[in-house]
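Taking it in order: structure first as structure tokens, then the write-up.
The values are calculated or read from the model by the stated rules, or taken from the named source; none is laboratory data. Keep in mind the model is a prediction, meaning the values are calculated, not measured. We place every Cβ from the backbone using ideal geometry, glycine too, and count neighbours over all the protein chains shown. These area figures cover heavy atoms from the full protein model, side chains too; ligands, DNA and RNA do not enter into them. Shrake-Rupley method; radii C 1.70, N 1.55, O 1.52, S 1.80 Å.
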Amino acid sequence: MYKDIIKLVNGDITKIPEVEAIVNAANTSLEMGGGVCGAIFRAAGSYHLAKECKEIGGCNTGEAVITKGYNLPNKYIIHTVGPKYSTGENGEAERLTSAYYESLKLAKKKGIRKIAFPSISTGIYRFPIDEGSEIALNTAIKFLDENPNSFDLILWVLDEKTYIVYKEKYEKLIKE
């Protein structure tokens, strides 16, 4: 079942026309940042996206908000804030789980059936990719179990190094 819905690709999340929404690994102020966040802002048109984000006023870690997609090939951008990793003993795993879960919940509420994620918090927020990928995939599977038929596609768009880690975790998960 999951193989038909959850997919992994190596590529640029700003160039995925087959999804209705992409997820931005945002900061709490919803301002243009570096990495994936900066790429999404630039591709969407930073002026209009920044203006809408400023009107929203921010987003807490583990929560999600939605904006228009502007110049992207996607109708929406779901902005979620993952945790900054310190020791792993400060609720980081729970907050990362929440970031993925709240994004999926918001997408479902908006009627979005095809969504693409980056690997949240595993870049400049230093969340270990091994643990982060497991959390991401397990959260998607849990959400699908709780909400059958809610998504046609949940896509992870990753750089080559991250793709390899996700692929290994995903293959283990779908065999269990």
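Would you mind working out the accessible area per residue for the chain, using a 1.4 Å probe, and quoting it in Å²?
Details: 8790 Å² over 176 residues.
Normalised by residue count, the accessible surface of the chain is 50 Å².
Report ³J(HN,Hα) in whole Hz for each residue of region 29-37, in order, from the Karplus equation J = 6.51 cos²θ - 1.76 cosθ + 1.60 where θ = phi - 60°; Gly and Pro get x.
8, 6, 9, 4, x, x, x, 4, 4
For every other residue with a beta carbon closer than 15 angstrom to the beta carbon of Tyr70, add +1 if it is Lys or Arg and -1 if Asp or Glu, then tell me the sum. Mind showing how you got there, number by number?
Numbers: positive: Lys15, Arg42, Lys51, Lys54, Lys68, Lys75; negative: Glu20, Glu52, Glu55.
Every neighbour counted, the sum reads +3.
If you compute Kirkwood radius over Cα pairs in Å for the structure shown, which of [x] 20.4; [y] 15.8; [z] 16.6 do you land on?
[y]
Over the C-alpha atoms of region 1-99, what are the Rg and the largest Cα-to-Cα span, Dmax, in Å?
Computed over the Cα atoms of region 1-99, radius of gyration and Dmax are 14.1, 41 Å.
Take the alpha-carbon centre of region 35-109, take the same for region 113-143, and report the distance between them in whole Å.
The distance from the Cα centre of region 35-109 to that of region 113-143 comes to 13 Å.
Could you pull the accessible area for Asp4 with a 1.4 Å probe, rounded to 10 Å²?
For Asp4, the solvent-accessible surface is approximately 120 Å².
So, taking all protein chains as they sit and a 1.4 Å probe, how much accessible area belongs to Arg95, in Å² rounded to tens?
90 Å²
Just the number, please: carbon plus sulfur as a percent of the accessible area of region 1-120, 1.4 Å probe, no ligands or DNA/RNA counted. Each step should come with its number before you reach the end.
Working: 2820 of 5800 Å².
Using a 1.4 Å probe with all protein chains present, region 1-120 comes out at 49 percent carbon and sulfur.
Could you order Val23, Val165, Val36 so the one with the most accessible surface comes first? Probe is 1.4 Å. All intermediate terms of the calculation are to be shown ahead of the outcome.
Numbers: Val23 0, Val165 30, Val36 60 Å².
Sorted descending by solvent-accessible area, the residues read Val36, Val165, Val23.
What does the highest-first list of 137-148, 65-76 look like by mean Cβ count within 10 Å?
On the way: 137-148: 15.8, 65-76: 19.1.
In descending order of packing, they fall as 65-76, 137-148.
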